[in-house]
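The values are calculated or read from the model by the stated rules, or taken from the named source; none is laboratory data. On a predicted model such as this, the values are computed, not experimentally measured, just so you know. All Cβ positions, even for glycine, are placed from backbone atoms using ideal geometry, and neighbour counts span all protein chains on display.
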Amino acid sequence: MAKQANSYRFSFGPWNISTGADPFGPPVRKEVPFAKKIREYRELGFTHVQLHDDDVVPADWDSVQTSKGVAKVKKMLDGEGLTGEFIAPRLWEDPRTIDGGYTANKAADRTYARERTRRAVDIARMMDIDLMVLWPAREGTYIREAKDASQAVGRLVEAIDDILKTDAKIRVVGEMKPNEPMDQAYCPTVGHFMGLVYRTLDPKRVGVLIESAHSILAGLDPADDMAYALWHGKLWGVHLNDQNGLKYDQDKTFGSVDLRRAFNQVWVLERAKYYDIGVVGLDIKAMRTTKQADATKHLANSLAMFNHLLELVRSVDAGKVEELRAARDYEGLERYILEHILGRKGR
Ligand code: 3MF
Ligand code: MG
C-alpha cells in the first residue's frame, strides 16, 4: 500500500505486550498469544512489526521446521496488512550466551552466537525483511578484568562482517545501550558504534537504531544522538520511549517524563524527513499495575503523544526561531518553545 506524503509509519515489538513480570515478582497479566498480538497492531494504528528471531520461530527448530514456521508468520502478517520492520537475534537468553555472544571467552559460545545470527539473517530473507537489529545485550562485563576489551571490540566488528557476508542485501543497525544487563557494555553509545561502522566490510549497509532511554542512560540527549546519526545518513531505526533518571532501563511511555525532550526528538526526525527514511518504532513497557484489559494502553498513549508533538513541531514558527537565534536571544527562544509546548499560542 502506498504511503501518504509526509506521513509516519509506526511499529512496536510483540514483547511490548507483556505479562508484567519483573526481577521481583511473577507475571500479573496473562501471556497474550502471538497471533492475538498481531491482530492488535492495525487497530492501534501500527503497520510494522519488530521481531526477534524467536518471536517468529523457536531458536532450536531445524531448517525444514524453520521455513514452514516462517512462512506461517509471514502469511499471518500479510493477512493483517502488516510488514516486518526488522529481525533481531535474541542472543541473551540461551545458556551458551551467559558470558556474552560474539565476545564470550569460550570459542564454542562465540560460534553459537555467529551461527544463530546467520540463521536470523535467513529468517529475515524469508520474511522479505532487509534490516537486522543488534542489541548487544551481554557484550560487556560485570568486572573489567573478565575479558580483553580491545579484543572484544574486534570481535564485534567481525560479527557484523559475518552478517554482511551472509546476505548481500541485509542492512545492520546497532542499538546501543550503556548498561543493563551488564555493568558496562563494550559499545555503550551511538558514537562508539559509529566508530565501528566505518571499519566494517561494507559501511554503506551498517547504521544505528536509537532508543531514547538508552541515550538518556548514557547521560546523552536522544535528540542530539539522533541528529548525529542523521548527519552520517545512518539513522535507520528509532525506539521512542522515556526514562526517569539514571536507573534501570524503564521504557516508559514516550513523553511521559520530559515532554520537551520528546518534542525535540520529534523535531529532529521531522526536520530530517524521517518519514521517508524509516519507521517510527516504540519500545515501551506497560506499568506492572496495568490491568489485563489495558495491556496495550501504553502503546496507544505513546503513539498519541508522538502525534500531538508532531502537530506542535509542524506549527513552530520557523521564522521566529531563526530571528531569536540570530539575535542570540536564547532566553526568548526558551520562552517561545515552552509557551508553544504548553499550547499558549500568540501570548
Ligand atoms: C533492550 C532493548 C531490546 C531491543 C530489542 C530489539 C528487548 O533495552 O531495547 O528489547 O530493543 O532486542 O532490538
Ligand atoms: Mg529497544
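Is there any pair linking a residue in the stretch 1-30 that is at positive phi to one that is within 16 Å of ligand 1 (Cβ to nearest atom), with Cβ under 8 Å and at least six apart or on different chains, and which?
GLY20/ALA286
Identify, please: which residue in the stretch 211-226 is more than 10 Å from ligand 2 (Cβ to nearest atom) and in contact with an Asp or Glu (Cβ under 9 Å, 6 or more places away or on another chain) and is, among those, farthest from SER302 (Cα to Cα)? Show your work before the answer.
Our first condition is that a residue be more than 10 Å from ligand 2 (Cβ to nearest atom); within the stretch 211-226, this holds for 215-226.
Next, only the ones that are in contact with an Asp or Glu (Cβ under 9 Å, 6 or more places away or on another chain) stay: 215-218, 222.
Numbers: SER215: 18, ILE216: 18, LEU217: 20, ALA218: 22, PRO222: 16 Å.
Taking the candidates together, the pick is ALA218.
For the stretch 230-244, give me the residue count where each residue is in a loop (DSSP other than H, G, I, E, B) and aliphatic (A, V, I, L, M). Walk me through how you get there before you give the answer.
Of the residues in the stretch 230-244, the ones in a loop (DSSP other than H, G, I, E, B) are 232-234, 241, 243-244.
Filter once more, so that each one left must be aliphatic (A, V, I, L, M): none.
Looking only at that region, the number is 0.
If the requirement is being more than 14 Å from ligand 2 (Cβ to nearest atom), surrounded by fewer than 22 Cβ atoms within 10 Å (Cβ to Cβ) and either aliphatic (A, V, I, L, M) or without any contact (Cβ under 8 Å) to a residue 12 or more places away in the chain (or both), which of these qualifies: ASP148, ASP161? If you could, list the steps in order and put the result at the bottom.
Values: ASP161 fails: either aliphatic (A, V, I, L, M) or without any contact (Cβ under 8 Å) to a residue 12 or more places away in the chain (or both).
Step by step, each of ASP148, ASP161 is checked, and only ASP148 is more than 14 Å from ligand 2 (Cβ to nearest atom), surrounded by fewer than 22 Cβ atoms within 10 Å (Cβ to Cβ) and either aliphatic (A, V, I, L, M) or without any contact (Cβ under 8 Å) to a residue 12 or more places away in the chain (or both).
Can you tell me which of VAL266, VAL238, VAL280 is at pLDDT 95 or above and more than 14 Å from ligand 2 (Cβ to nearest atom)?
Numbers: VAL238 fails: more than 14 Å from ligand 2 (Cβ to nearest atom); VAL280 fails: more than 14 Å from ligand 2 (Cβ to nearest atom).
That would be VAL266, the only listed residue that is at pLDDT 95 or above and more than 14 Å from ligand 2 (Cβ to nearest atom).
Criterion first (within 22 Å of the chain's Cα centre (by Cα), of a type outside the set (A, V, I, L, M, F, W, C) and part of a helix (DSSP H, G or I)) does ARG42 satisfy it?
So ARG42 fits the description; yes.
From GLN65, GLN50, which residue is surrounded by fewer than 16 Cβ atoms within 10 Å (Cβ to Cβ), closer than 25 Å to MET132 by Cβ and among the polar types (S, T, N, Q)? Step through it out loud before you land on a result.
Values: GLN50 fails: surrounded by fewer than 16 Cβ atoms within 10 Å (Cβ to Cβ).
Matching residue, one of GLN65, GLN50: GLN65.
Tell me, please, whether a residue that is within 16 Å of ligand 2 (Cβ to nearest atom), under 25 Å from VAL208 (Cβ atoms), not in a loop (DSSP other than H, G, I, E, B) and not aliphatic (A, V, I, L, M) can be found in the stretch 98-121.
No: zero hits.
Filter the stretch 48-82 down to residues that are more than 16 Å from ligand 1 (Cβ to nearest atom) and outside any loop (DSSP other than H, G, I, E, B), then give me how many there are.
17
Specify which of the listed residues (ALA213, ALA152, ALA227, ALA223) is within 16 Å of ligand 1 (Cβ to nearest atom) and assigned to a helix (DSSP H, G or I). Explain how you work it out, then say what you get.
Working: ALA152 fails: within 16 Å of ligand 1 (Cβ to nearest atom); ALA227 fails: within 16 Å of ligand 1 (Cβ to nearest atom); ALA223 fails: within 16 Å of ligand 1 (Cβ to nearest atom).
Being within 16 Å of ligand 1 (Cβ to nearest atom) and assigned to a helix (DSSP H, G or I) holds for just one of ALA213, ALA152, ALA227, ALA223, which is ALA213.
Step by step: first the residues of the stretch 174-210, then only those that are assigned to a loop (DSSP other than H, G, I, E, B) and crowded, with 21+ Cβ neighbours inside 10 Å, then the one that is nearest to ligand 2 (Cβ to nearest atom). Which residue is that?
Here the residue is LYS177.
Of the residues ARG90, ARG118, ARG155, which is over 21 Å from the mean Cα position of the chain (by Cα) and not β-branched (Val, Ile, Thr)?
Values: ARG90 fails: over 21 Å from the mean Cα position of the chain (by Cα); ARG118 fails: over 21 Å from the mean Cα position of the chain (by Cα).
From the options ARG90, ARG118, ARG155, the qualifying one is ARG155.
Identify all residues within the stretch 283-328 that are outside any loop (DSSP other than H, G, I, E, B) and small (Gly, Ala, Ser); write none if there are none.
Taking the stretch 283-328 as the starting set, the residues that turn out to be outside any loop (DSSP other than H, G, I, E, B) are 292-294, 297-314, 318-326.
Within the stretch 283-328, ALA293, ALA300, SER302, ALA304, ALA318, GLY319, ALA326 qualify.
Can you name the condition, by its number, that LEU235 falls short on among (1) within 16 Å of ligand 1 (Cβ to nearest atom); (2) under 23 Å from TYR41 (Cα atoms)?
Of (1) within 16 Å of ligand 1 (Cβ to nearest atom); (2) under 23 Å from TYR41 (Cα atoms), only one is false for LEU235: (2).
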